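Chemist: The structure that follows is given in the form of structure tokens.
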Amino acid sequence: MTQLEATIEAILFAVGDAVSVNRLTAAADAEPAAVAHALHTLAAHYEQTGSGIQLVRMKDKVQLCTRPTFAPAIRRVTESRRPPSLSSAALEVLTVVAYRQPVTRAYIEQLRGVDSSGTVSSLLEKGLIEACGHLDVPGRPTLFRTTDVFLRTFGITGLEELPNLPELAEGEQLAFEETE
């Protein structure tokens, strides 16, 4: 392992959260290309050695995380419980935000046809969405977007990995299936 790789690994381990590549580059006092190469090498190393950790990319950020395969063992040690699954209403709101962001609560409610303030509040508390500004209209409603927690939760590195939505005819709405 090179000095740069060890430095990046130490930073990511110590921070414990996602760090922008630009911030890593500045902290390691290295060239962007060298940091990109070191990140690629670290990710490959963790993969090839069967390490219990992995390097996860989220847009322009990276983070050290445990492999999902080891979640049951980690849960047993930490005695943490599996987080509750999201309700169908929460999934609907999250879908609207993910595909149409940034959006206002009024826009979400217009698409869903029901009050969504409680669901929006719940998603904010879970850290899956965040406020990202205000719309420049009277009342200045808050705009919402998805977060890095959303990306980690759904195992994607960027919004471009979301599946395409089916095309809808004029006036047609998406039908959500209730699953148990």
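We did not get these values from a lab; they are worked out from the coordinates using the rules stated. Because the structure is predicted, anything quoted here is derived from the model rather than measured. Don't worry about glycine lacking a Cβ; one is built from the backbone with ideal geometry, like all the others, and counts go over all protein chains shown.
Chemist: Please compute, over every Cα-Cα pair in region 63-135, the percentage with a separation greater than 15 angstrom.
Modeler: Roughly 62 percent, once rounded to a whole number.
Chemist: I74 versus D136, label points 7 Å from Cα toward the beta carbon: distance in nm?
Modeler: In this crude spin-label approximation the distance works out to 4.2 nm.
Chemist: Scan region 51-134 for GluC sites (Glu not before Pro) in coil per DSSP, keeping those whose Cβ has at most 15 other Cβ atoms within 10 Å, and list them by number.
Modeler: E79
Chemist: Can you compute the helix-only [θ] at 222 nm over the chain? Use -39500 (n - 2.57) per DSSP H run of at least 4 residues, normalise by all residues, nearest 500 deg cm²/dmol.
Modeler: After summing the helix terms and dividing by the residues of the chain, the value is -13500 deg cm²/dmol.
Chemist: Further question: Loop-only check: which trypsin sites (Lys or Arg not before Pro) in region 71-141 are DSSP coil with at most 13 other Cβ within 10 angstrom?
Modeler: Sparse-neighbourhood loop trypsin sites (Lys or Arg not before Pro): R81.
Chemist: Continuing with this model, one more query. Got a sec? Which residues in region 2-35 would a label at D60 touch, if it sits 7 Å along Cα→Cβ and we count backbone N under 13 Å?
Modeler: Those under the cut-off are 19-26.
Chemist: Can you give me the long-range amide H partners of S51? Hydrogens built in the peptide plane at 1.01 Å from N, cutoff under 5 Å, separation of 5 or more residues or another chain.
Modeler: Under 5 Å from the amide H of S51 lies no amide H from a residue far enough along the sequence or on another chain.
Chemist: How large is log10 of I(q)/I(0) for the chain at q = 0.09 Å⁻¹ when the intensity is taken from the Debye formula with one equal scatterer per alpha-carbon?
Modeler: The Cα Debye sum returns log10 ratios of -0.44.
Chemist: Could you list which residues have their amide H under 5 Å from that of L86, counting only those 5 or more apart in sequence or on another chain, with H placed in the peptide plane?
Modeler: For L86, no residues qualify.
Chemist: Starting from 0 in steps of 10 Å, tell me what percent of the Cα-Cα pairs of region 1-78 lands in each bin.
Modeler: 18, 53, 23, 6, 0
Chemist: Cut-off 10 angstrom, C-alpha nodes, Gaussian network model of the chain. Which of V62, V93, V114 fluctuates the most?
Modeler: In the Gaussian network model the winner is V114.
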